[in-house]
1. At a Förster distance of 25 Å, what's the computed FRET efficiency of A:THR318 paired with A:THR259, Cβ-Cβ distance as r, to 0.05?
2. So how many Å³ per residue does the convex hull of the Cα atoms of the stretch A:234-357 work out to?
3. Out of all Cα-Cα pairs in chain A, roughly what percent, to the nearest whole number, are more than 28 Å apart?
4. How many nm is it between the label spots at A:ARG124 and A:ALA9, if each spot is 7 Å from the Cα in line with the beta carbon?
5. Along the positive direction of the dipole of chain A (beta-carbon charges: Lys, Arg +1; Asp, Glu -1; about the Cα centre), which of A:VAL245, A:ALA22, A:CYS189 reaches farthest?
6. On the first, second and third principal axes, largest extent first, how far apart are the outermost C-alpha atoms of the stretch A:243-304 in Å?
7. Go through A:LEU34, A:ALA176, A:GLY122 and say which Cα lies farthest out towards the positive end of the charge dipole of the stretch A:4-228; charges sit on Cβ, +1 for Lys and Arg, -1 for Asp and Glu.
8. Using 0.36 nm per residue of separation minus the Cα-Cα distance, give me the extension gain between A:LYS103 and A:GLU279 in nm, one decimal.
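The values are calculated or read from the model by the stated rules, or taken from the named source; none is laboratory data. None of the values given here were measured: they were computed from a predicted structure. Neighbour counts are summed over all protein chains in view; Cβ atoms, including those assigned to glycine, are modelled from backbone coordinates with ideal geometry. Note: accessible area is taken over every heavy atom of the protein model, side chains too, but ligands, DNA and RNA are not part of it. Shrake-Rupley method; radii C 1.70, N 1.55, O 1.52, S 1.80 Å.
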Amino acid sequence: MRDSDTDDAVSAALLPWYDRHARALPWRVGPEALADGERPDPYRVWLSEIMLQQTTVAAVKEYFHRFTARWPTVTALAAAQDAEVMAEWAGLGYYARARNLLKCARAVAADHGGIFPDTEDGLRTLPGIGPYTAAAVAAIAFDRPAGVMDGNVERVLARLFAVQTPLPAAKPELKALAERLTPGMRPGCYAQAVMDLGATVCTPRSPACGICPLITLCRARALGIAADLPRKTPKQAKPTRLGIVYLARRADGAVLLETRPDRGLLGGMLGWPGTDWAETAPQDNPPVPARWHDAGVEVRHTFTHFHLRLRVLLAEVTLDATPDRGAFHPRATFRPASLPTVMRKAWDVAAGAWREH
DNA sequence: GATGCGTGGAC
DNA sequence: TGTCCAAGCAT
């Protein structure tokens, strides 16, 4: 039904566009170096791809710089402490990525001599590397003709071929298209070209069809439905959950924090002791007996699947206070930036209240 | 296949 | 304000 001439026309139109418009990004090597046969560092490609999962380039850049400055190689990262890595990842979200990042670095160091596997199948066996990331690293770092499929590619291909099936049901069909369109020449550039196109031209809302290199090939454009694709099955509304966090400040300035369990929400991250978060009013459950008082300002935060409204309770405790959970962290070494964002918001409320007195 | 898992920016 | 969305993965 779709002939290979059309397939070739896609990469033939996209690669020159990419050569002109490719963004200079910290994990990319320049076009001249690439033309000389130089390849990007697989460690940097892998690290960037993990950070970019469901995350924008703008949000990733600073984190990428900090990680590569602190841990320049996969071997260096493998030797890092868990808490160091989690603290450095704080604020970026999806914290299972950070836990798997470290597992993956240690597996590469221990089982692969510090060298990343250079095939899609080899990469796929590593923690945190799924179908997308295996294909992306294989294509970008090792120039393998892997069919890269992410949200951008889904959108670009759904429009290019006017796929009307809603996501996620359309994924197999789109994956097959992605495999077939991937060219044998410069597959790494091609993969990045499709994703760049999706990020900058073939955007979810108001696609810039007027400057699109694929405009003459695009069926959705011809039908006048580009902005309506891809179709998606509607999502469930988010419920609102309620909770309480307890911020205890000791007489020497130390603050009471606990490391959350490795699995689940904010797994492995530091946080303030608190109640469960549920749709019913929380049961008061302070970590240490004290004169707790309400900070008066609620923290509001939205996670992937629920809204949260958090009461913030504050207390000053004495040097001999013995909490039933968590541990005091000296104020000199405690960095609010090492907290996940919802916990940092609670800190901001407490710090404001304490500054008043 | 469905669900759980963060965050910040655009509109 | 709310909603949608981003270079997904694990279970």
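1. 0.55
2. It comes to 114 Å³ per residue, whole-number rounded.
3. Summing the P(r) of chain A above 28 Å gives 54 percent of all pairs.
4. Going from the A:ARG124 label point to the A:ALA9 one covers 3.2 nm.
5. A:VAL245
6. The Cα atoms of the stretch A:243-304 stretch 37, 25, 18 Å along the principal axes, largest first.
7. Result: A:ALA176.
8. That pair, A:LYS103 and A:GLU279, stretches by 59.9 nm at full extension.
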